[in-house]
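Before any comments, here is the structure.
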Amino acid sequence: MKTRVRWPGLIMHVFLAIAGVLCLFPFYWTLVMATNTTSDIYRYPPKFTLGSQLDDNIRAVLENVAFFQSMANTLIVAVCTTVLVLFFDSLAAFTFAKFRFPGRNALFVILLATMLLPAQLGAVPQFQTMAAFGWVGSLKALIIPASANAFGIFWLRQYFQNSIHDELVEAATLDGCGFLGVYRHVALPSARPALAFLGIFTFVASWNDYFWPLIVLTNPDHLTLQVALSSLNRSHGVDYSMVMTGALMAMVPLIIVFVIFARQFIKGATEGAIRG
Amino acid sequence: MTLTATTPTRPAGTAKPGRRRGIASYWRFYLALSPFYLIFLVFGLYPVASTILLAFQKWDGLGPRKLVGLQNFGFLIEDSTFWLSLWNTVVLFAMSTVPTLVIAMTLAVMLHSAVRFKGVYRIAYFIPNITSLVAAAIFFAAIFSTNFGLINSGLRALGLPTEDWLRQPWGIKIAISTMIVWQWAGYNTIIYLAGLQAIPTEQYEAAKVDGAGPFRTFFQITLPQLRPVVLFTVIMSTIGGLQTFTEPQVMVGNAGGTGQSGMTVVMYFYNQAFFNNDYGYAGAIALSIFLLVLLFTAINWRLLGGRGRR
């Protein structure tokens, strides 16, 4: 286009492609390490091609950590958190977006203010609370505190405000829909893209969470993948091939989810930044 | 961003005229909102309020709590490890944020004028951001490793001296910030790209008529227009940067590596609370992190002129 700043095309694409390769290289190198023996990697010059040791490395990972147990735990936490967040956040966001009731504005300002509190600040008392509930070491300690959040409510509320006409809500009400009926038949169907983004975002964040699980998951049988991975790294730090195989195994499900939903996810992520 | 103004709604909840409603008749709405506020009270507000109290107490987690006034903060001021961890955090923040945002801006401007492969680039740039911090930290520790790491292999191949990266104060910082740049440059590129696409093209046409070159156009039109987006990325980077924990913890361990040069404030907080069981002191550290985040956010807001003060 004429109006844009022009860069010499070829040089530009070389730069963009180098950046792309740098972004993706760690994944390739992880694959190289995971398919070779550690001594192959220790060679100089190092081996840059894929090997055939993947199954041996996977076996070594399985011997050293309860990988599938951790994977199952992570999946349970991520799925439960995502489902609860989608339900609680959309219900609250829809209420804020389309109904009036005493105290609405005050409640909403409180909600916004909560986004300023860094979560790590409260880790000590939160651990005490979990101890009092008897949740230390249990997956509930990860799911329940994360099951509703201000960011999601704020984000969905904007979406509901812009995408659902008030007439639609009124019409549904006149047709005899109760509050939950309007929520189910009007709000949810129209917010699908927004819910998809929030869902993927929550799933990814939950899958990758590390600080809080590290503190609260005290039982070695109840680790999540990230904590299991770091313990693998700590105790077997020299066997890079095995540790990187573990890293690869922990990443694969997320990469698949991302590649399937990439477009929606990137679109959603940028909308938040641009609208503020 | 307006907090109170709403669209001119005639809400369905009040659609029936001529009927006065008591507060109890809104119960559905309050019930719909209650999960968030309940969870926030129990797992958000209470812990934070409790931390603030804790900062003025001495407590080992078992015995009785003892009120000690400002003593914890007195210790904090004289604690060289605290100041070191603060210094490390700020240095890491600067070493990672500046390159991240410069690279992101450069890539975004290029990507904006690119016609082909835009979608492919965007996906490639975004992928590092969704990757597990732990897996990425293990990877970066591996390529920076002394004897067999890829970085040293490369240096050797070029005939340059190798470095003991993860056992050197600056090497540790370089490895950590390299990882942060890798994880966040692409994310910020995508955000900037979206910002660039929102700038009306008329302005560029006017600049062209005035005979402005590409650099003048960038600094006089593009950058000022992007200010709110830049502010957003800087604030997000600040909040993230001041809470850096996973990268150094996985790469060099809880002690922070050689000379504790990878020890960040959040790591120090974690150590004091969950290894030393010095909960009051940890509370004081947590409070200082919070104040720091507020301070830096305010400074950024000021420097970049906030919203609506173009």
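The values are calculated or read from the model by the stated rules, or taken from the named source; none is laboratory data. Nothing here was measured: the structure is a model prediction, and the numbers come from that model. All Cβ positions, glycine included, derive from the backbone under ideal geometry; neighbour counts span all protein chains shown. Please note that ligands, DNA and RNA were not included when accessible areas were found on the heavy atoms of the full protein model with its side chains. Shrake-Rupley method; radii C 1.70, N 1.55, O 1.52, S 1.80 Å.
At-a-glance table
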{"item": "Single condition A:Thr74 does not satisfy, out of (1) in a helix (DSSP H, G or I); (2) surrounded by 15 or more Cβ atoms within 10 Å (Cβ to Cβ); (3) over 16 Å from the mean Cα position of the chain (by Cα)", "result": "(3)"}
{"item": "Test: residue in the range A:156-179 that is within 18 Å of A:Thr82 (Cβ to Cβ) and in contact with a helix residue (DSSP H, G or I) (Cβ under 6 Å, 6 or more places away or on another chain)", "result": "yes"}
{"item": "Hits in the range A:77-107 - residues which are within 27 Å of A:Val169 (Cβ to Cβ), more than 7 Å from chain B (Cβ to nearest Cβ), small (Gly, Ala, Ser) and surrounded by 17 or more Cβ atoms within 10 Å (Cβ to Cβ)", "result": "A:Ser90, A:Ala93, A:Ala97"}
{"item": "All positions within the range A:101-123 that are at pLDDT 90 or above and in contact with a Ser or Thr (Cβ under 7 Å, 6 or more places away or on another chain)", "result": "A:Asn105"}
{"item": "Test: residue in the range A:42-64 that is on the phi > 0 side of the Ramachandran plot and under 25 Å from the mean Cα position of the chain (by Cα)", "result": "no"}
{"item": "Selection count where residues are facing chain A (nearest Cβ under 7 Å) and either β-branched (Val, Ile, Thr) or in contact with a Leu (Cβ under 8 Å, 6 or more places away or on another chain) (or both), scope the range B:115-129", "result": "6"}
{"item": "Selected residue (criterion: nearest to the other protein chains (Cβ to nearest Cβ)) from residues of the range B:218-251 that are among the β-branched types (Val, Ile, Thr) and within 19 Å of A:Val124 (Cα to Cα)", "result": "B:Thr246"}
{"item": "Pick from the range B:264-280, criterion at pLDDT below 95 and outside any helix (DSSP H, G or I), ranking: nearest to A:Ile215 (Cα to Cα)", "result": "B:Phe275"}
{"item": "Filter result for the condition that a residue is under 24 Å from the mean Cα position of the chain (by Cα) and not aromatic (Phe, Trp, Tyr), over B:Leu150, B:Leu133, B:Leu160", "result": "B:Leu133"}
{"item": "Helices (runs of 4 or more DSSP H) wholly inside the range B:142-214 containing at least 3 residues that are at pLDDT 90 or above", "result": "B:150-157, B:169-197"}
{"item": "Residue within the range A:3-17 that is of a type in the set (Ser, Thr, Tyr) and in contact (Cβ under 8 Å) with a residue 40 or more places away in the chain present", "result": "no"}
{"item": "Every residue from the range B:79-105 that is over 15 Å from the mean Cα position of the chain (by Cα) and surrounded by fewer than 16 Cβ atoms within 10 Å (Cβ to Cβ)", "result": "B:Ser80, B:Thr81, B:Trp83, B:Trp87, B:Val102"}
{"item": "Residue selected from the range B:252-267 under the condition within 12 Å of chain A (Cβ to nearest Cβ) and open to solvent by less than 20 Å² (accessible area, probe 1.4 Å), by the criterion nearest to B:Ala104 (Cα to Cα)", "result": "B:Thr264"}
{"item": "Among the candidates A:Phe197, A:Phe203, A:Phe261, residue that is farther than 30 Å from A:Leu121 by Cβ and more than 8 Å from chain B (Cβ to nearest Cβ)", "result": "A:Phe261"}
{"item": "Lone unmet requirement of (1) more than 28 Å from B:Ile191 (Cβ to Cβ); (2) open to solvent by 30 Å² or more (accessible area, probe 1.4 Å); (3) at the interface with chain B (Cβ under 8 Å from one of its Cβ atoms) for A:Leu229", "result": "(2)"}
{"item": "Residue among B:Phe275, B:Phe290, B:Phe296 that alone is open to solvent by 20 Å² or more (accessible area, probe 1.4 Å) and within 10 Å of chain A (Cβ to nearest Cβ)", "result": "B:Phe290"}
{"item": "Count of the range B:130-155 residues which are surrounded by fewer than 19 Cβ atoms within 10 Å (Cβ to Cβ) and more than 7 Å from chain A (Cβ to nearest Cβ)", "result": "4"}
{"item": "Selection status of A:Tyr240, facing chain B (nearest Cβ under 10 Å), in contact (Cβ under 8 Å) with a residue 24 or more places away in the chain and either of a type outside the set (Asp, Glu) or closer than 13 Å to A:Thr74 by Cβ (or both)", "result": "yes"}
{"item": "Helices (runs of 4 or more DSSP H) wholly inside the range A:108-176 containing at least 2 residues that are open to solvent by less than 20 Å² (accessible area, probe 1.4 Å), at the interface with another protein chain (Cβ under 9 Å from one of its Cβ atoms) and closer than 22 Å to B:Leu33 by Cα", "result": "A:150-163, A:166-174"}
{"item": "All positions within the range A:72-98 that are more than 30 Å from A:Tyr210 (Cβ to Cβ) and either touching a residue at least 60 places away in the same chain (Cβ under 8 Å) or touching a strand residue (DSSP E or B) at 6+ places or on another chain (Cβ under 6 Å) (or both)", "result": "A:Phe94, A:Phe96, A:Ala97, A:Lys98"}
